[in-house]
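*Asks:* Just passing along the structure, written as C-alpha cells.
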Amino acid sequence: MRVKDIYTRGTVHIPRSCNLQEAAIQMRDQHIGALVVTDGAVNHHIAGIVTDRDMVVKALAKGASPVTTTVGDVMTDGVMSTPESADVSDAMQTMFSHGIRRLAVTDHEGGVVGMLSLDDVIQAMSHDLSQLASIVRSEQQRERTGSVQSPLHP
C-alpha cells in the first residue's frame, strides 16, 4: 500500500505568531489535529508543525494561557515528511523511529500536498483486516456446508 492511497490531502497553515486559541479554533473548524506553521502571514516558508497534543502537553497542562502563548512557543521546528509514492510501511518506520504521529506528504517536486497521520494508517489497515476476516469467514462457511472444492480435485 502506498502513502498516496491513504493520506489526507491538503494542509491548513497558521503563522507562528498566532495564539493557541486561534490554532485550536482552526483545528476544531477544520476537524484536524495538526497545523503547518509558517514564518508569517504568507504561506511560503514552512517553519514547523503544531499538533493538538503539542498545545496540551507543552502549554495548557503547564498552566500557560491560550491567549498569550503563541503557536511558535509550542510548535515542533521543521516537518518530517514522506513522498506520496512511498510505501506505507516505510512511512510507519519513519514515524516510529522519530516518535511522531504525523508526516507531511510531499509530491514529486517536494511540495507539501497533505498529511499522513497514524489514524490514516490504522483506518486503512483496519479496512484491509476486515476484508481478510470476511474471506476467512466465507471460507469457513463453505467448509461447514461442504461446498469447498480443492484446486487439485475439482
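*Asks:* Among the numbered conditions (1) under 22 Å from the mean Cα position of the chain (by Cα); (2) at pLDDT 95 or above, tell me where ALA64 comes up short.
*Replies:* Condition (1) is where ALA64 drops out.
*Asks:* For region 128-137, indicate whether the set of residues that are more than 21 Å from ILE6 (Cα to Cα), at pLDDT below 85 and polar (S, T, N, Q) is non-empty.
*Replies:* yes
*Asks:* Residue by residue through region 87-112, note down the ones that are crowded, with 19+ Cβ neighbours inside 10 Å and more than 11 Å from the chain's Cα centre (by Cα).
*Replies:* VAL88, THR106
*Asks:* Separate question: Residue by residue through region 1-15, note down the ones that are of a type in the set (A, V, I, L, M) and under 15 Å from GLN123 (Cβ atoms).
*Replies:* Once the filter is applied, which keeps residues that are of a type in the set (A, V, I, L, M) and under 15 Å from GLN123 (Cβ atoms), region 1-15 yields MET1, VAL3, ILE6.
*Asks:* Out of all the residues in region 39-51, is one or more under 16 Å from SER117 (Cα atoms) and among the hydroxyl-bearing types (Ser, Thr, Tyr)?
*Replies:* Taking every residue of region 39-51 in turn, at least one turns out to be under 16 Å from SER117 (Cα atoms) and among the hydroxyl-bearing types (Ser, Thr, Tyr).
*Asks:* Now, a different point. Which residues, taken from region 14-48, are in contact with a Leu (Cβ under 7 Å, 6 or more places away or on another chain) and of a type outside the set (Gly, Ala, Ser)?
*Replies:* Those that are in contact with a Leu (Cβ under 7 Å, 6 or more places away or on another chain) and of a type outside the set (Gly, Ala, Ser): ILE14, GLN26, MET27.
*Asks:* Then there's this: Being under 22 Å from ASP90 (Cα atoms) and under 12 Å from the mean Cα position of the chain (by Cα) is the filter here, so list the residues in region 5-32 that pass it.
*Replies:* ILE6, TYR7, THR8, ARG9, GLY10, THR11
The values are calculated or read from the model by the stated rules, or taken from the named source; none is laboratory data. No experiment lies behind these values; they were computed from the predicted model shown. Methodologically, a virtual Cβ is constructed for each residue, glycine included, from the backbone with ideal geometry; neighbour enumeration extends over all protein chains shown.
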